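What follows is a short report on a single structure.
Quick note: the coordinates plus some simple rules give every number you see, no bench work behind them. Since we're looking at a predicted model, the values are computed, not measured. Note: ideal-geometry Cβ built from the backbone for every residue, glycine included; neighbour counts use all protein chains shown.
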Amino acid sequence: MLRAQPDGTIDDKGGSPLSDEEVVARVRAGDTALFEVLMRRYNQRLYRVARSVLGNDSEAEDVMQETYVRAYAHLDQFAGRSAFSTWLTKIAVYEALARARRSSRLDSVGTVSETDDQGAVAVASEDRDPERQMFDHEVKSLLEAAIDGLPRDYRSVFAFREIEGMDTAETAECLGVSEEVVKTRLHRARALIRRDLYRRAGASSPAAFQFHLSRCDRVVHAVLQAITRIRPPLMARPRD
């Protein structure tokens, strides 16, 4: 019996993973339990897609459920003209936008909350020292806040391209805009994020990577110790 794994693969005793199209064909043929495979494969993507539009965790989860139900109900309409992932993502975008319009919250801002360590900034691994983990967490929080502060159109493009790793063409198809629009919005989103990060950090770029006094003292001390072991240079003889 085939079983879906948490990463969206199938436990079939060493067989090669089924493609999305193969899973869809099996579901259509009556093996409805395999629809779980598709959900596990695309839970993370759909969460990020819905979250980038709505700016709310719980609403994003609601949209994910609506998307899967709608996709399952209309699975016979998937014609394979684009990738299944793109078809599914377009449904999620439509559902998220419809919910945003109903709630009159097109420009709402919430808090980005990733569900695992594959987000904008990787979560520190357990074997890193506590100070480094705290630093990583602070950086992640700053970046998430900056992303969440973007206008919705920019936030969606940034999430699709930079967080989810979708290419320009697929992003454009999912959002129903041109590739040039995607490139322009991504460029502006990056600029806004940089500006916001500087503001949140309370510093301008010249303040970054400063060589503080403690480091200066440490280097001076080390150099002074090192040169004591070196033969002093001979003084130049005075000319006649």
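Return the Rg/Rh value of region 152-197, two decimal places, where both radii are evaluated on C-alpha atoms and Rh is the Kirkwood radius.
Numbers: Rg = 9.8 Å, Rh = 10.3 Å.
Reported Rg/Rh, Kirkwood definition of Rh: 0.96.
Quickly rank 67-78, 180-191, 48-59 as a protection proxy: mean count of other C-beta atoms within 10 Å, highest first.
Numbers: 67-78: 14.7, 180-191: 16.4, 48-59: 23.4.
Sorting 67-78, 180-191, 48-59 by mean packing, highest first, produces 48-59, 180-191, 67-78.
Spacing of the modelled spin labels on Asp167 and Tyr198, each 7 Å from Cα toward Cβ, amounts to 3.4 nm.
Among Cys216, Cys174, the order by Cβ neighbours within 10 angstrom, fewest to most, reads Cys216, Cys174. Computed extension length for Glu179-Gln65: 38.2 nm, one decimal, from 0.36 nm per residue of separation with the Cα-Cα distance subtracted.
Each residue of region 69-74 was assigned a 3J(HN,Hα) from its phi angle through the Karplus expression (A = 6.51, B = -1.76, C = 1.60, θ = phi - 60°), giving 5, 5, 4, 5, 5, 10 Hz with x at Gly and Pro.
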